[in-house]
1. Consider ALA77 carefully, then state whether it is within 17 Å of GLN171 (Cβ to Cβ), of a type outside the set (Lys, Arg) and out of contact with any strand residue (DSSP E or B) (no Cβ under 6 Å at 6 or more places or on another chain).
2. Between LEU191, LEU204, which is closer than 18 Å to GLN63 by Cα, modelled with pLDDT under 95 and touching a strand residue (DSSP E or B) at 6+ places or on another chain (Cβ under 8 Å)?
3. Just need a number here: residues in the range 166-191 that are within 30 Å of SER101 (Cα to Cα), surrounded by fewer than 15 Cβ atoms within 10 Å (Cβ to Cβ) and either polar (S, T, N, Q) or under 16 Å from the mean Cα position of the chain (by Cα) (or both).
4. Just the residues that are of a type in the set (Phe, Trp, Tyr) and either touching a residue at least 24 places away in the same chain (Cβ under 8 Å) or more than 19 Å from PHE103 (Cα to Cα) (or both), please, taken from the range 64-80.
5. Being over 25 Å from VAL98 (Cβ atoms), exposed (fewer than 12 other Cβ atoms within 10 Å of the Cβ), of a type in the set (A, V, I, L, M) and without any contact (Cβ under 8 Å) to a residue 60 or more places away in the chain is the requirement here; does ALA144 meet it?
6. Just to be sure, is GLU169 modelled with pLDDT of 90 or more and either in contact with a strand residue (DSSP E or B) (Cβ under 6 Å, 6 or more places away or on another chain) or in a loop (DSSP other than H, G, I, E, B) (or both)?
7. One residue is enough: does the range 45-60 have a residue meeting the conditions closer than 25 Å to GLU192 by Cα, among the charged types (D, E, K, R) and in a helix (DSSP H, G or I)?
8. Limited to the range 36-62, what total is found for residues that are closer than 19 Å to PHE124 by Cβ and surrounded by fewer than 19 Cβ atoms within 10 Å (Cβ to Cβ)?
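The values are calculated or read from the model by the stated rules, or taken from the named source; none is laboratory data. Only a predicted model underlies this, so the values are computations on that prediction, with no experimental measurement involved. Neighbour counts run over all protein chains shown; Cβ positions are idealised from the backbone, glycine included.
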Amino acid sequence: RKLPSQPQPLPVELSVPSSGLGGAPARCFYRKDERFRQPKAVVAFRLYCPPAAADARGYLLAQMWCNAVMEELNEYAYDASSAGLHYSLNAFPGGLEVSVSGFNDKLPLLLLEVAKKMCAAVTFAPGTFTIVRDRFERSLRNRALKQRPCDQAARRARELRYSLAFPPEEQLAVLLTLSASDFEGENCKLLERCHLEALLMGNLDE
């Protein structure tokens, strides 16, 4: 009997593509825009920081620190947005997320300004702390005390699904004990032992 011929599209190369930047402290993934060909790009970083995953206090401090950094970058961010550049800095239960997007020509400048502010944010002005603290207190009180029952049930379901989830009631109790001095050196605590993952997409050279 004659054996069937080998199909032509049978894969030969079965290795998994590796990230562009390897090693323990960082991984980087890159995808060039070859379809839309616009002079734009998106660069996103996820920093896994042990202090942000330790407990509700660590997570809340990370959130408020990110918010304070953005508060002090408001003027620069407004000018950048007028030029088509945008950024975000947020905390998640486990670390920080930083992203920049817009026209790729000046994107490195925006990223550099955000990174410089993150590294220099050892302390904040008293006014910045007051603004951020009041903002978080209103938000946490609304989530803890004024949510509709269906929203509360959905939130509790998410908290039960994810181990690194801290209820707003617990965060609110922590918030009421915080002062401006608690943020001294917070950037060093978050950034000194973090693991970085990056995603670069768009009109960027490898």
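1. The answer is no for ALA77.
2. LEU191
3. So the count comes out to 0.
4. TRP65, TYR76
5. Taking the combined requirement at face value, the residue does not satisfy it.
6. Against the criterion (modelled with pLDDT of 90 or more and either in contact with a strand residue (DSSP E or B) (Cβ under 6 Å, 6 or more places away or on another chain) or in a loop (DSSP other than H, G, I, E, B) (or both)), GLU169 does not qualify.
7. Scanning the range 45-60, I find at least one residue that is closer than 25 Å to GLU192 by Cα, among the charged types (D, E, K, R) and in a helix (DSSP H, G or I), so the answer is yes.
8. Total satisfying the criteria: 1.
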